[in-house]
Amino acid sequence: MNLSFEEILKQRFACKAFTNQEITKDNLEFILEAGRLAPSTCGFEPWNFVVVSKKDNANLSTICFGQENVATASYNIILLARTDLQAKDEYIKKQVARICSPSDEKRFNNILQAYTYETNTLNEEQLYAYAKSDCYLALMQMALAAMSRGIDSCMIGGFEKDKVDMFLELKYPFQTAVILSLGYRREEPKYSKKRLSLAEVVRYY
């Protein structure tokens, strides 16, 4: 499928049920790569992507309020938010070291403190919200990448977070942020895309 970007934006929709057609490994990796390349605040990349295959769909769907798209997806990608985003954390030191060598101690510490100026003030709950907002960037990028290959998706925000965390046996610093269900639409959308007009959402200052 060769869609223009405008066509991708118009054709993507929240698919409620998928067929049995499987997504190929090549297409799955293309979608995951789109998520990996997503932008993030200060280049923190505060995420992991967990790929859940069809055999676990029934159990996952149960803790997603029985949603059919989760149950019928070829794959469900669970995006995890990570909360080790402060200057004291080895993960962030590693991220900063990609652009400044720790051997240049003064410069490294200056950049580290500048990048973590906000996160150093946050508690665990706030760090989760901070990381989760970045996860949505990767989520959208993967959904659009999927549509470019003719693969439908639905972004799942309705789930029992504690139970999904337990299902994945998550430990610090990871928590479930959002889920992307992927597959091929069982039927066409029942309604045309409804959006506010540009005049209603855009202001020129």
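For T19, the accessible area of its heavy atoms, probed at 1.4 Å with every protein chain present, is near 40 square angstrom. Accessible area of E125 (1.4 Å probe, protein heavy atoms only, ligands and nucleic acids ignored): about 140 Å². For segment 1-92, what is the Kirkwood estimate of the hydrodynamic radius, computed as the reciprocal of the mean inverse distance between distinct Cα atoms, to one decimal in Å? Computed over segment 1-92, the radius equals 15.7 Å.
Spatial offset of segment 182-201 relative to segment 31-67 amounts to 22 Å, using the alpha carbon center of each. If R0 equals 35 Å, the separation of the Cβ atoms of N20 and L196 corresponds to a calculated FRET efficiency of about 0.45. Per-residue 3J(HN,Hα) values for segment 39-48, derived from phi via the Karplus relation 6.51 cos²θ - 1.76 cosθ + 1.60 with θ = phi - 60°, read x, 8, 4, 6, x, 5, 6, x, 8, 9 Hz in sequence order (x marks Gly and Pro).
Solvent exposure of K193, expressed as accessible area, is near 90 Å², computed with a probe of 1.4 Å over the protein chains only.
Modelled spin labels at S40 and K55, positioned 7 Å past Cα toward Cβ, are 2.9 nm from each other. Working from label points 7 Å from Cα in the Cα-to-Cβ sense, the K106 to K171 distance is 4.1 nm. Could you tell me the calculated FRET efficiency between Q11 and D162, based on Cβ-Cβ distance and R0 = 41 angstrom, to the nearest 0.05? Plugging the Cβ-Cβ distance into 1/(1 + (r/R0)^6) gives 0.70. Per residue, the chain exposes 58 Å² of accessible surface when a 1.4 Å probe is rolled over the protein heavy atoms with every protein chain present. When a 1.4 Å probe is rolled over the protein heavy atoms, the share of accessible surface on segment 1-159 that falls to carbon and sulfur comes to 53 percent.
Against the main long axis of the alpha-carbon atoms of the chain, helix 124-148 sits at an angle near 40°.
The values are calculated or read from the model by the stated rules, or taken from the named source; none is laboratory data. What you see is a predicted model, and the numbers here were worked out from it, not measured in a lab. No Cβ is skipped: glycine too gets one built from the backbone with ideal geometry, and neighbour counts run over all protein chains shown. In case anyone asks, the SASA skips ligands and DNA or RNA and just uses the protein heavy atoms, side chains included. Shrake-Rupley method; radii C 1.70, N 1.55, O 1.52, S 1.80 Å.
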